[in-house]
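**Student:** I'd like to ask you about the structure that follows.
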Amino acid sequence: MDWLIEQLKDQLVFSVVLSLVVFAAIMTAVAYCIYFERKISAWMQDRVGPNRVGPLGLLQPMADGAKFLLKEDIIPAFVDKPLFVLAPAFALIMGLAGFAILPWGGMVDLDGDGVVDVMCQVADPGVGLLYLLAVGGMAVYGVVVGGWANNNKFAFLAAMRATAQMLSYEIPMALVILLVVMTTGQLGLDDIARSQMGEGNLWHVCHHPVAFFIMLVTLFAETNRTPFDMAEAEQELIGGYHTEYSALKFGLFFLGEYAHMIIGSGFVIVLFLGGWHLPWVSFLQPEATSVWAMLAKMSVFATKIAAFLFLFMWVRWTLPRFRFDQLMRLSWKGLLPVCLMLFAYVTVLLYLGRQTDLMWTLGGNGVLILLVLIVAGTMGVPVSGRQGNLSTLPWEGAVRAR
Amino acid sequence: MAWKTIDRNEPVVDAGATPVLTEAIRGKIESFFPRYPTKRAVLLPALHVIQDALGFIGWQAMKEVADLLEIHPSAVFDTISFYTHFWTKPRGEKVVTVCRSISCELLGGREVLEAVKDHLGIGEHETTGDGKYSIAVEECLAGCDHGPCLLVNERMHKCVKAADVPALLADAGNADHGLPRSDLFDGPVVDDDRDDGVIASTSDVVEMQDSN
Amino acid sequence: MIEEKDIINVDEPELTAGERLYLPQIAGGMRTTLRHMFKKKITVQYPEQKRELRTENYRGVHRLNRDEQGRVACVACFMCQTACPAHCIHIVGAESPWEDREKYPVQFDIDELRCIYCGMCEEACPVDAIELTPEYDLVGRTREEMIFDKEKLLMVFDRTKETKPRKNPKITGYSGTGCADEHTVTERGEAH
Amino acid sequence: MAKITIDNQEIECRDGIPVLQAALEAGWDVPHYCYHPGLSVVASCRLCLMEMQLPHPKTREMGWAPKLFPSCQTPVKDGMVVRFDSGAVEQNQKACMEYFLLNHPLDCPVCDQAGECHLQDYSYKFGESESRMHDQKQVNPKKDIGPQTLLYSDRCVMCTRCVRFAEEVSGTEELCIVNRGGRAEIDIFPGIPLDNPMQGNVVDVCPVGALLDKDFLFKKRVWFLESGDSVCPGCSTGCAIRVDQSDNRVQRLKPRYNPGVNEWWMCDEGRFGWKYVHDVERVTRPRLRRGAEMETPAWESLGEIVRYRFEQQVDRHGAAKVAVLLSPMMACEEAWLLAKFVRELAPDATIATGFVPMVGEERCFPVGCNADDAKFVIRREKCPNGRGVELVAEHFGGSTCDFDGFVTKAGEGAFEAVWVVGGYSEEWVPKALATSLAKIEMLVVQDMFESALTGEAELVLPACAWVERDGSFVNHAGLIQPFERAINVPDGARRDGQYLFGLAGFEGLYSGARVRALMAEEMDAFREIAEAPRQPAHQH
């Protein structure tokens, strides 16, 4: 036992072990995400949901997995074979890569000697946010390569659409992340998490509710979840970018999507909801470094993720899909201007040194919300919109008339 | 075929049987030949001769007369079946003929016929076991104003009531009006040797019964 | 002919500020779905639970009726095959082995997978031999298994005759006068 | 030509025919049972009664006569005025139908005639939907009256068409009417069954379901049948027939009206002689011998193989060593295509006409009449197209011979490459031919059944039955009669015509008409038939 702890004191060994544990946990979670997706959809529709495999249908993911494994893996004759094989792996790997930098449980003192031994994080590159943006940006390749490899015009159309959508929402997302970076002055995820704890520090969501909301919206878009699931689009594009996929390859896409959701949730939690932190609970403070505190922190973090996953599912089974033009309009005409305004405002606050002053930040947010309400309510442009009232902005009329 | 079909392909005439038309009958028939343009035309007189001689015209007789007249046996069958006068199976001493035309029917002819059948214990166109009586049914006995009519051999009974039937059949007076017998006749009325003498007819007449 | 004056143009209603912003509507929707999560579930746990059929005329699995002597009542008239819009009935008729009728089906197959359960066969049958039962739990492992042959269809009758008696048990065949019971062929009388 | 007025419409018609016939030919749909154009008139069904204008006995003025006249028994006379559209006529039709249906068992669901039954048709048209008869129906027995025929007397309407057919056309008189009036029925003399060689026609002439063909009994409802107009291959008479098929299987054959050839009739030999078509023993796949091995080549590659092998033989032995035996079971078009192919490859090739089976004597009907007065003749030449292949051989000219000549020449070793066409339903190969052809270099046999020759052949091709062919036959009198394909060839086989079409160097789909058009350019005999009108429709 001692020997084990001795070994684990080495950050590298700990990271490897942690990554294995997290990987296993994530994969299980992903499988059960599918189960809960079906359960929650059933409950919301007054149904029971899967209940045949095992008690309460809990073994359903195993059955699904077995099915994915055993089904005939068809590679159609006309596909681009190397890319066709590569794309699902790409989608899943890019989904999982993000887990490397999530801070699961802060500092840990493994042998209880009061000296912090390791960080409960697989890797802390210091510029974690950049890594995350980069990996997140790569995720679009899973979709676009998959769509291309299908060699099917519907799949390709879906992939192109999804690409355009992801690129569009990457911008407001990056701006929102920038806000947090500006407020904290940190790029490492653990640092950002810890900047929301302790005396006088609040979760960033308190300072930037609008930014948090925009982050949420972009997250839905980035993970291709309803109401932004343009990539799948069963109704109009057969099955979207994975039309020709079957069996395990299709399963990998499926897993990739849920992995993406989990990492995305973790990311939002770290940025805005204090990561593993809960206020007023002593062993969830950065000062608590025992192994038990670490486990508690990890559970809190996992619980927060679970709450987010529920939100994802809840939204999915409530909202219908955006039309593509509405979706683009929301990003470019809705989220982007608001983000830019927020960005400008935070810049000013930064100059004034008031970036953590709740009154200033919330006041700014309040004014912004008011502004949005006025613009949206009177001019009819922003979020939603019908084809008929597209030209309600004064400068648009001129363009259309031409 | 398990469902009921009458097999008409089954021969009813034994090819090796002794001819029923005697030389005398044949001779008489042949004597008609010069009178008619074709042999076929002799059919009716020939049938009369045979019935007079044998009392009835059985399948074998039909076949033999057909051969004699060089026509198809079916033509003989056709002709015989057309006329109620010709009997295709042995006839009793007394033939009880009941009228079934509409006037008699309306006046109770059917009840009379039933009474006759009950009394004799036989059906239409059948003969009692002792060869005494046969029942026949005719279209009209020309006594429409005094129906129901009943004929026993050649004696006409009018306004018959069903209750009168037993007495009427027992009436010895009927015997005076015997059937004319040909001088060629030399056989018994009923051929007791032939149990299967009852010739199956194709006719299956289900009498119209009161719908009530 | 639709004339210009008959056409009424309906304008889409103007969106309110809340509707334009979408968010209140989203919140309303989310509330609805969340409420439903905790409502009583209406799922029927088939096959452990079975729903009471609301009608006796439910059109489920077919059956071939037996007559009072236990023989197949069908007379192989092909009316059902003719009426069937899905072409799922296949009959091979032959001479019947019974005295009271001429024709019977040596083979009578219904492809239950192809059937659309419209009931036209039942409607067309002149002897009420084919009927649709309220049995709806129809399962099989192969396509062949779902092609019900004569024996299987008769078994359905045996299974369901208690709950759904044959409409007109008097009809046993189709020959002669149309009422086969009274049909007899007698040989009597002479050539009259 | 007489001019008569029917329902205020003046029509022209042949002299002396019954008004009914004239009306039917002019398109009136006059109901009738007992009238049949091929039989004598008895006017017993009374369904075709009409109103006629006659001079008033006293005033001599023309006016509608008070009574109705049977149109079948009234010959047309110039200037005659009749009508079928009057109330009295309709009244009569209704009354007649009611009588006909009085004792009818109404067992259409199990009646084989249902669907082509005149009782049904006229009942829909003139009948009442409800019967007023409340007494019990008179039930007559079903009778087995012959090896092929059943009689359901209770369905009979006593039109006596069958009796008249037996008397007047077949002349065998088996059928008779027994009893009288309402109790009359059709019957035979017990023990003398209806078994003449034309008896199948009584089922055709029966307008109701009383006479039934045992061969077709309970087999199929007639509305499932699909028909193709064909020509009977049974003998050289070449009766026009209709092939009724269902599920790609022949169900029955029916005669079509063809004046001067078979009128309304066909013989039983032809009617029931199609069973070999569905014989499981049939050759259905091409078979190629490669050394000791047999293989089934693809149809697509066969043309090349055959052409190559023939060319090889021509190079090696000269064109005169090539011969083709055209079977009289082939259609003219197929024979022409094959002869054309062979003659193009080998201009000196011998074209031989095939074996013509001769069985018994010519049989004329009515029985006992001589050939000149015969209404129908069953010929001893049991193949449909003997004349046709002769025509084709004559057309190509050069070296031709008949079957006997071919056998002799083959025995002398005159050939090295031979294409033999069979297609007979029975064994036909003479022993001498089999032995002499076994020795030659290349033998192609196209036949329906295995024979001594198929065993020796380098290439065996499946031959079609006539129902699978499309083309024309030339009958004993030289009449060219086109016919349609009725069913598809068995799995694996290919239509002779289609295959030979490709072999002769044409592209696309074979059709008899298409090839006839090509033949018409070269052969006078086919010039007329190429655009000849179709045969008149079947008339009952």
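The values are calculated or read from the model by the stated rules, or taken from the named source; none is laboratory data. The structure displayed is predicted, hence computed values, not measured ones. Quick reminder, even Gly has a Cβ in these numbers, built from the backbone with ideal geometry, and neighbours come from all protein chains shown. Please note that ligands, DNA and RNA were not included when accessible areas were found on the heavy atoms of the full protein model with its side chains. Shrake-Rupley method; radii C 1.70, N 1.55, O 1.52, S 1.80 Å.
**Student:** In the protein assembly as shown, what percentage of the DSSP-assigned beta bridges are antiparallel, given to the nearest 5?
**Tutor:** DSSP beta bridges in the protein assembly as shown are roughly 70 percent antiparallel.
**Student:** Kirkwood Rh, Cα Rg: Rg to Rh for segment D:249-334?
**Tutor:** Rg/Rh: 1.14.
**Student:** Follow-up question, since we're still on this one. Within straight cross-link reach of D:K58, meaning Cα distance under 30 Å, which lysines are found once same-chain residues fewer than 8 apart are removed?
**Tutor:** Counting by Cα, and skipping residues close in sequence, D:K58 has these lysines nearby: D:K3, D:K67, D:K77.
**Student:** OK, next. Within segment C:62-182, what whole-number % of the accessible surface is contributed by carbon and sulfur, with the 1.4 Å probe and all protein chains included in the calculation?
**Tutor:** 52
**Student:** Give the lysines whose C-alpha is closer than 27 Å to that of C:K39, dropping any in the same chain fewer than 8 places away, or say none.
**Tutor:** A:K39, A:K304, C:K50
**Student:** Output ³J(HN,Hα) for segment D:131-139: one whole-Hz value per residue in order, computed from phi by the Karplus curve 6.51 cos²θ - 1.76 cosθ + 1.60 with θ = phi - 60°, and x for Gly and Pro.
**Tutor:** Karplus values, whole Hz, x for Gly and Pro: 8, 8, 6, 10, 7, 6, 6, 6, 10.
**Student:** Which one of D:A371, C:Y46, A:G188 has its Cα pushed farthest toward the positive end of the charge dipole of the protein assembly as shown, where Lys and Arg give +1 and Asp and Glu give -1 at the Cβ?
**Tutor:** Positive-most Cα among the choices belongs to A:G188.
**Student:** Hey, another quick one. Hydropathy first: keep DSSP H helices in chain D averaging at least -1.0 on Kyte-Doolittle, then drop any whose Cα extent along the axis falls short of 18 Å, and list what survives. Spell out each step's value before the answer.
**Tutor:** Values: long enough: D:87-100 (19 Å, -0.58); D:299-317 (27 Å, -1.14); D:332-345 (20 Å, 0.34).
Passing helices, by number: D:87-100, D:332-345.
**Student:** In nanometres, what is the gap between the two model label sites at C:V44 and D:R316, each 7 Å from Cα along Cα-to-Cβ?
**Tutor:** Those two pseudo-labels are separated by 7.9 nm.
**Student:** A further question on this structure: What FRET efficiency, computed as 1/(1 + (r/R0)^6) with R0 = 30 Å and r the Cβ-Cβ distance, is obtained for C:D137 and A:E234, rounded to the nearest 0.05?
**Tutor:** 0.50
**Student:** Rounded to the nearest 10 Å², what accessible area does B:I102 have for a 1.4 Å probe in the complete protein model?
**Tutor:** So the heavy atoms of B:I102 present about 130 Å² to solvent.
**Student:** Report the label-to-label distance for A:T347 and C:L53 in nanometres (one decimal), using points 7 Å from each Cα along the Cα→Cβ vector.
**Tutor:** Going from the A:T347 label point to the C:L53 one covers 7.5 nm.
**Student:** When the Cα centres of segment A:98-132 and segment B:12-36 are compared, how far apart do they sit, in Å?
**Tutor:** For segment A:98-132 versus segment B:12-36, the Cα centre distance is 131 Å.
**Student:** Could I ask something else about it? For chain D, give the share of DSSP beta bridges that are antiparallel, in percent and rounded to the nearest 5; count only bridges with both residues there.
**Tutor:** 70
**Student:** What ³J(HN,Hα) values, in whole Hz, does the Karplus curve 6.51 cos²θ - 1.76 cosθ + 1.60 give for segment A:39-53 when θ = phi - 60°, with x put for Gly and Pro?
**Tutor:** 4, 5, 4, 5, 4, 5, 10, 6, 10, 9, x, x, 8, 9, 9
**Student:** Distance from the Cα centre of segment D:118-164 to that of segment A:155-176, in angstrom?
**Tutor:** If we compute the Cα centre of each part, the gap is 82 Å.
**Student:** Which of the lysines could a cross-linker bridge to D:K219, judged by Cα under 17 Å and excluding same-chain residues fewer than eight apart?
**Tutor:** Straight-line reach from D:K219, under 17 Å: C:K103, D:K254, D:K275.
**Student:** Find, among the GluC sites (Glu not before Pro) in segment D:254-288, those assigned to loop by DSSP (not H, G, I, E, B) with at most 16 other beta-carbon atoms within 10 angstrom. Please list the in-between numbers first.
**Tutor:** On the way: sites: D:E263, D:E269, D:E281; in loops: D:E281.
Counting only loop positions with at most 16 other Cβ atoms within 10 Å, the GluC sites (Glu not before Pro) in segment D:254-288 are D:E281.
**Student:** If one computes P(r) from the Cα atoms of segment B:94-170, what percent of pairs lie at distances over 21 Å?
**Tutor:** Considering segment B:94-170, 14 percent of its Cα-Cα pairs are separated by more than 21 Å.
**Student:** May I pose another question? For C:Y22, what accessible area in Å² do you get when you roll a 1.4 Å probe over the heavy atoms of the protein chains, rounding to the nearest 10?
**Tutor:** 70
**Student:** Next question, about the same structure. Nothing charged except the Cβ atoms of Lys and Arg (+1) and of Asp and Glu (-1): what's the magnitude of the dipole of chain D about its Cα centre? Round to the nearest 20 debye.
**Tutor:** Roughly 920 debye for chain D.
**Student:** On to the next question. Taking a 1.4 Å probe, which of B:C104, A:C206 shows the most accessible area, and what order do the others take after it? Don't skip to the end; give the middle numbers.
**Tutor:** Details: B:C104 0, A:C206 50 Å².
I get A:C206, B:C104, largest accessible area first.
**Student:** Can you pull the three principal axis extents for the Cα set of segment B:78-123, in Å, largest first?
**Tutor:** Computed over the Cα atoms, the extents are 32, 24, 14 Å.
**Student:** Please label the shape of chain D as rounded, prolate or oblate, based on the square roots a ≥ b ≥ c of the eigenvalues of the alpha-carbon gyration tensor (a/c under 1.5 means rounded; beyond that, a/b larger than b/c means prolate, else oblate).
**Tutor:** Details: a/c = 2.68, a/b = 2.12, b/c = 1.27.
Prolate, since a/c reaches 1.5 and a/b exceeds b/c.
**Student:** How would you classify chain A from its alpha-carbon gyration tensor, with a ≥ b ≥ c the square roots of the eigenvalues: rounded for a/c under 1.5, else prolate if a/b is greater than b/c, otherwise oblate? Walk me through the numbers on the way to the answer.
**Tutor:** Numbers: a/c = 1.85, a/b = 1.07, b/c = 1.73.
Taking the square roots of the gyration eigenvalues as a ≥ b ≥ c, chain A is oblate.
**Student:** With a 1.4 Å probe and all protein chains kept in place, how do C:V10, A:V291, A:V30, A:V210 rank by accessible area, largest first?
**Tutor:** My answer, sorted largest first, is C:V10, A:V291, A:V210, A:V30.
**Student:** Once amide H atoms are placed 1.01 Å from N in the peptide plane, what residues at a sequence separation of 5 or more from B:V96, or on another chain, have their amide H within under 5 Å of its amide H?
**Tutor:** HN-HN under 5 Å from B:V96: B:S134, B:I135, B:A136, B:N153.
**Student:** With a/c under 1.5 counting as rounded, go ahead and sort segment A:211-263 into rounded, prolate or oblate using the C-alpha gyration tensor (a ≥ b ≥ c being the square roots of the eigenvalues; past the cut-off, prolate if a/b is larger than b/c, else oblate).
**Tutor:** It is oblate, given that a/c is not under 1.5 and a/b is not larger than b/c.
**Student:** Sticking with this one: To the nearest 10 square angstrom, what accessible area does C:E4 show with a 1.4 Å probe?
**Tutor:** My reading of the accessible area for C:E4 is about 150 Å².
**Student:** OK, next. How big is Rg to Rh over segment A:26-185, alpha-carbon atoms, Rh as the Kirkwood inverse-mean-distance radius?
**Tutor:** On the Cα set of segment A:26-185, Rg over Rh gives 1.06.
**Student:** Also: With the Cα gyration tensor of segment D:63-130 in hand, convert its eigenvalues to equivalent ellipsoid semi-axes via √(5λ) and list them largest first in whole Å.
**Tutor:** On the way: eigenvalues 178, 39, 18 Å².
Sorted largest first and rounded, they come to 30, 14, 9 Å.
**Student:** Could you state the accessible area per residue of segment B:23-82 in Å², with a 1.4 Å probe and every protein chain left in place? Numbers along the way, then the final one.
**Tutor:** Working: 2430 Å² over 60 residues.
Per-residue accessible area for segment B:23-82 comes out at 40 Å².
**Student:** Okay, moving on. Using θ = phi - 60° and the Karplus form 6.51 cos²θ - 1.76 cosθ + 1.60, what ³J(HN,Hα) does each residue of segment B:111-119 get, whole Hz, x for Gly and Pro?
**Tutor:** 4, 4, 4, 4, 5, 4, 4, 4, 5
**Student:** Run the numbers for D:E226 and D:E128: contour at 0.36 nm per residue of separation, minus the present Cα-Cα distance, in nm. Show your work: numbers first, answer last.
**Tutor:** Working: separation 98, 0.36 × 98 = 35.28 nm, distance 3.10 nm.
Residue separation times 0.36 nm, minus the Cα-Cα distance, leaves 32.2 nm.
**Student:** Take every Cα-Cα pair in segment C:62-182 and report what % of them are more than 26 Å apart.
**Tutor:** 15
**Student:** Where nothing but the Cβ of Lys and Arg (+1) and of Asp and Glu (-1) is charged, how large is the charge dipole of segment D:189-315 around its Cα centre, in debye to the nearest 20?
**Tutor:** So the dipole magnitude of segment D:189-315 works out to roughly 260 debye.
**Student:** About its Cα centre, how strong a charge dipole does the protein assembly as shown have in debye, to the nearest 20, once Lys and Arg get +1 and Asp and Glu get -1 at the Cβ?
**Tutor:** The calculated dipole for the protein assembly as shown is roughly 4360 debye.
**Student:** Same structure, new question: Can you tell me the convex hull volume per residue for the protein assembly as shown, based on C-alpha atoms, in Å³ to the nearest whole number?
**Tutor:** It comes to 346 Å³ per residue, whole-number rounded.
**Student:** Something else: Give me the percent of DSSP beta bridges within segment B:85-171 that run antiparallel, rounded to the nearest 5.
**Tutor:** 55
**Student:** Need one number: nm distance between label points at A:A134 and C:R31, each 7 Å from Cα along Cα→Cβ, rounded to one decimal.
**Tutor:** In this crude label model, A:A134 to C:R31 measures out at 4.7 nm.
**Student:** Then there's this: Once you have all Cα-Cα distances for segment B:19-109, histogram them in 10 Å bins from zero and send the whole-percent values.
**Tutor:** Bins of 10 Å from zero give 16, 44, 23, 12, 5 percent of pairs.
**Student:** Continuing with this model, one more query. Using the charge dipole of segment C:62-182 (Lys, Arg: +1 at Cβ; Asp, Glu: -1 at Cβ; taken about the Cα centre), state which of C:P134, C:H87, C:P165 has its Cα farthest towards the positive end.
**Tutor:** After comparing all options, I get C:P134.
**Student:** Put +1 on the Cβ of every Lys and Arg and -1 on every Asp and Glu Cβ in segment B:23-82; which of B:I71, B:I57, B:P45 then has its Cα farthest towards the positive end of the dipole?
**Tutor:** Towards the positive end, the residue furthest out is B:P45.
**Student:** Just the number: Rg to Rh for segment A:1-92, Cα atoms, Kirkwood Rh, two decimals.
**Tutor:** 1.15
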